Number of protein chains: 4
Amino acid sequence: MYCRPVIDPGTKPPASPAGPPIDWATLRAAATAAAARAYAPYSHVHVGAAGLSAAGDLVEGSNVENASYGLTLCAECGLVSDLARHGGGRLVAVSIVAGDGDPVAPCGRCRQLLFEHGGAELLVDDGTPAPARRLADLLPEAFGPTDLVTRRS
Amino acid sequence: MYCRPVIDPGTKPPASPAGPPIDWATLRAAATAAAARAYAPYSHVHVGAAGLSAAGDLVEGSNVENASYGLTLCAECGLVSDLARHGGGRLVAVSIVAGDGDPVAPCGRCRQLLFEHGGAELLVDDGTPAPARRLADLLPEAFGPTDLVTRRS
Amino acid sequence: MYCRPVIDPGTKPPASPAGPPIDWATLRAAATAAAARAYAPYSHVHVGAAGLSAAGDLVEGSNVENASYGLTLCAECGLVSDLARHGGGRLVAVSIVAGDGDPVAPCGRCRQLLFEHGGAELLVDDGTPAPARRLADLLPEAFGPTDLVTRRS
Amino acid sequence: MYCRPVIDPGTKPPASPAGPPIDWATLRAAATAAAARAYAPYSHVHVGAAGLSAAGDLVEGSNVENASYGLTLCAECGLVSDLARHGGGRLVAVSIVAGDGDPVAPCGRCRQLLFEHGGAELLVDDGTPAPARRLADLLPEAFGPTDLVTRRS
């Protein structure tokens, strides 16, 4: 057990338990459409992501690769940038889909990005019928904003 | 001189010389507005970026920081993600502005991101009256998509 | 359940079950020493990482921050770079420690980096007595090299 | 001209003008050897980097790719991590070489990483006889640590 009293819910206030209704079919369709706009000339893995914010905004992103591979932006990078474009706030649900139309597991970086904006209770489409996976199950014991404060030296 | 016959214009076809007219005042205003939407709780440096594509789209982004500092997305990351959202294409001009309303130099990563989508002739607002800086002057002798092909082993 | 038949063990062959003996005290001491060499002028969170490879090499890294926050390298980035310096191979155990001497949870990016070089069975020091946490428990349902092949389109 | 009075030499004190003698042949040979240790199963572009610190240390790195392309570490990432391992300090010269044995241009991210640790006067092997390229010529008008202080809002 890492030295932290509670699981860090992220730096933003958590979404109200009574958030907007989650329409998974719409989210997955939006993610699929976003995958079709990916710029992936190097890996040929096209990924799209769509999310619902606590304010009810639909936000989305596509992966954008780079000749310097390490500068590649995943679809979830675009999604959190789009969240900022909508004025920010808290994510409550996301669907991430590859070009084949099926959900794809977010990479570790993107779990961390989602944690910053959705916290442990963010719901992630895992391809099964609802209820979807909690982010806490995909990134347990997450490093988070609280660590920045408590682990300084 | 690095071993490359020509400056790599990026992996996408270059924008036509007769692209859309560039309204720098509009770009800078959009970048300034984007800076106000930045999520920068750690550095407190708010940055916004706005760009014009060859198709005439206005695209934009804000920086989005993360408790794990290395996962921070600069405003230009959001901008190229927004370009994908608009269906992609070529960037012809960008303005990057800090929260104080003045242009700010893009970091090295972002010069590389811009190179992928705008190439050497992309114009970058440097705070002076037009003509703005060419990206070739901010990232000379760029590593680019051609290197991926010619430098394999 | 994401569309993948088995948990991906990473792109390298897994370490033999009969790997080198793991001396956690040595690993944690090496990580603590590495934390003291961190370059963290922005967050003031100093982190060190130490790992044991299947070949018996001790590898290590410190976090290295950057004025452009998103270019920050975590301690685990340094660790996998050091693994390459030692000729590569498979990680079997890692300890990650903050400047206060206690283990710290790896961020999502670093779980993914560790997955590439250690796979699901990599052991991660979580501050408890042995046995340590398996990486599969910190990054379940990981995106991995197999996805690059099976999710192309 | 971006709003900054002087070119930022980076956050560390600049190396003394009378630094250690630079043996470019040794640096390039070390970079070539490092390229042979790259982990580049996805791009097949093997890169090695070697640098000389003001203290006279030889530091090095190899690129380390990842199935999640955006988590790829360039050779220069490994180099600055190795600098930390040696106790840090200032870089005075670097050579970056691809698997074909010839110098390769650093990507934008890596120019920024080098700037943090070497500043504008860092010398970069560009494949020509000495004197090598100054980093100021590869990353002019760099964003740097001073911007973090002066551009807050």
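Below, the figures for the structure above:
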item: Every residue from segment B:55-72 that is part of a helix (DSSP H, G or I) and either among the polar types (S, T, N, Q) or touching a Phe, Trp or Tyr at 6+ places or on another chain (Cβ under 7 Å) (or both); result: B:TYR69
item: Filtered residue count, segment D:30-52, keeping only those that are away from chain C (no Cβ under 12 Å) and closer than 20 Å to D:ASP126 by Cβ; result: 5
item: Criterion (in contact with a Lys or Arg (Cβ under 8 Å, 6 or more places away or on another chain) and of a type in the set (A, V, I, L, M)) met by exactly one of A:LEU91, A:LEU135, A:LEU83, A:LEU58; result: A:LEU135
item: Segment B:111-153, subset small (Gly, Ala, Ser) and at the interface with chain D (Cβ under 10 Å from one of its Cβ atoms), residue surrounded by the fewest Cβ atoms within 10 Å (Cβ to Cβ); result: B:SER153
item: Members of segment D:114-135 that are farther than 17 Å from B:CYS107 by Cα and touching a residue at least 60 places away in the same chain (Cβ under 8 Å); result: D:GLU121, D:LEU123, D:ASP125, D:ALA130, D:ALA132
item: Enumeration of residues in segment A:83-98 that are facing another protein chain (nearest Cβ under 7 Å) and over 29 Å from C:GLU76 (Cα atoms); result: A:ARG85, A:GLY87, A:GLY88
item: Residues of segment A:74-113 that turn out to be of a type in the set (A, V, I, L, M, F, W, C) and free of Cβ contacts under 8 Å to residues at least 12 places away in the same chain, as a count; result: 1
item: Residue match in segment D:39-49 (condition: modelled with pLDDT of 95 or more, over 21 Å from B:ARG109 (Cα atoms) and either touching a Gly at 6+ places or on another chain (Cβ under 8 Å) or part of a helix (DSSP H, G or I) (or both)); result: yes
item: Some residue of segment B:62-81 being farther than 30 Å from A:GLY119 by Cβ, in contact with a strand residue (DSSP E or B) (Cβ under 7 Å, 6 or more places away or on another chain) and more than 12 Å from chain D (Cβ to nearest Cβ); result: no
item: Sole residue being more than 21 Å from C:LEU73 (Cα to Cα) and touching a strand residue (DSSP E or B) at 6+ places or on another chain (Cβ under 7 Å), chosen from D:ALA49, D:ALA54; result: D:ALA54
item: Residue among B:GLY101, B:GLY108 that alone is at the interface with chain D (Cβ under 10 Å from one of its Cβ atoms) and modelled with pLDDT under 95; result: B:GLY101
item: Odd one out for A:ASP23 among (1) crowded, with 22+ Cβ neighbours inside 10 Å; (2) of a type outside the set (Val, Ile, Thr); (3) more than 14 Å from chain D (Cβ to nearest Cβ); result: (1)
item: Residue match in segment A:57-79 (condition: farther than 22 Å from D:VAL64 by Cα and surrounded by fewer than 21 Cβ atoms within 10 Å (Cβ to Cβ)); result: yes
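For every residue, the table says whether it meets (1) touching a Leu at 6+ places or on another chain (Cβ under 6 Å); (2) in contact (Cβ under 8 Å) with a residue 12 or more places away in the chain.
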{"residue": "D:PRO21", "(1), (2)": "no, no"}
{"residue": "D:THR26", "(1), (2)": "no, yes"}
{"residue": "D:ARG37", "(1), (2)": "no, yes"}
{"residue": "D:HIS46", "(1), (2)": "no, yes"}
{"residue": "D:GLY51", "(1), (2)": "yes, yes"}
{"residue": "D:ALA54", "(1), (2)": "no, yes"}
{"residue": "D:GLY61", "(1), (2)": "yes, yes"}
{"residue": "D:GLU65", "(1), (2)": "no, yes"}
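The values are calculated or read from the model by the stated rules, or taken from the named source; none is laboratory data. If you're wondering where the values come from, they're calculated on a predicted model, not measured in any experiment. Because the Cβ atoms are built from the backbone with ideal geometry, glycine has one as well, and the counts that use them run over all protein chains shown.
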